[in-house]
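Below: one structure, written as structure tokens.
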Amino acid sequence: MRIGMRELIFIIVLFAIPLSAFQYVFRPRNAEMSQARKEIAEKGRRLAELNATTARIDDLGKAISEGEEAIDVVEAKLPSEQNVDEVLRQVWKLARRHNLIIKTVEPKKRVPASQYMELPISVELEGNFDGFYEFLRDLEQMPRLTRMKELIMKRQEKEDGSMDASFILSVYFQPENKRNDTSLAGAGS
């Protein structure tokens with residue numbers, strides 16, 4: 001069998017067709033498919049993140065409602081501006097109940113604390129340490145929000161456990177205009 005020019009061209013064309021098809025059709029298609037697989041994997045990852053986030057939305061809604069309930073509990077412990085005197089009377093009664101002598105009570109300037117107000121009161125007491133300890137325990141159990149800071153205790157020269165204490169008692173309250181705003185907002189919903 002003799003291979004001539006015509007057969008040689010036929011063989012070259014026969015090999016050139018699959019090579020050119022591979023080069024110009026299959027290779028670009030494979031690259032496009034590879035890119036599409038990467039995009040699908042990325043979108044799948046994003047979808048998984050979205051599913052995880054949407055699953056937490058229920059948890060976030062629950063957390064928000066729990067936070068709102070906690071705020072309501074705290075606000076219930078805040079006296080109105082008019083009832084701050086009642087809180088002070090309760091503190092005074094606690095001190096007397098535990099045989100403490102109140103030397104001085106000096107209200108300071110009211111301080112805004114976020115959306116509430118704080119009334120710092122400088123207090124000086126004298127009495128037995130055990131009574132002061134019981135006073136602190138009862139003060140902590142009060143239904144209203146108070147905070148004690150800058151506590152200074154000094155032992156007296158007597159040997160019966162007497163002491164002097166000075167501290168700043170902060171009473172938190174809602175200003176009257178804030179209380180009216182929240183009651184109006186609650187009535188509208």
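Quick notes
- Residue that is modelled with the highest pLDDT [pool: residues in region 51-75 that are of a type outside the set (Asp, Glu) and open to solvent by 70 Å² or more (accessible area, probe 1.4 Å)]: Asn51
- Qualifying residue in region 42-50 (condition: at pLDDT 90 or above, of a type outside the set (Lys, Arg) and more than 29 Å from the chain's Cα centre (by Cα)): yes
- Subset of region 131-151 (residues that are open to solvent by less than 90 Å² (accessible area, probe 1.4 Å), at pLDDT 80 or above and not aromatic (Phe, Trp, Tyr)): Gly131, Glu134, Leu136, Asp138, Leu139, Met148, Lys149, Leu151
- Yes/no for Arg6 being open to solvent by 100 Å² or more (accessible area, probe 1.4 Å) and modelled with pLDDT of 90 or more: no
- Scanning region 84-106 for residues that are exposed (fewer than 13 other Cβ atoms within 10 Å of the Cβ) and under 33 Å from the mean Cα position of the chain (by Cα) turns up Asp85, Glu86.
- Pairs where the first residue, in region 154-165, is at negative phi and the second is of a type in the set (Phe, Trp, Tyr), C-beta under 8 Å, 6+ apart: Ser162/Phe129; Met163/Phe129; Met163/Phe132; Ala165/Phe132
The values are calculated or read from the model by the stated rules, or taken from the named source; none is laboratory data. The shown structure was predicted, so the numbers you read here are calculated from the model rather than taken from an experiment. Cβ sites come from the backbone with ideal geometry, for glycine too, and all protein chains shown count toward neighbours. Surface accessibility is based on the protein's heavy atoms, side chains included, excluding ligands, DNA and RNA. Shrake-Rupley method; radii C 1.70, N 1.55, O 1.52, S 1.80 Å.
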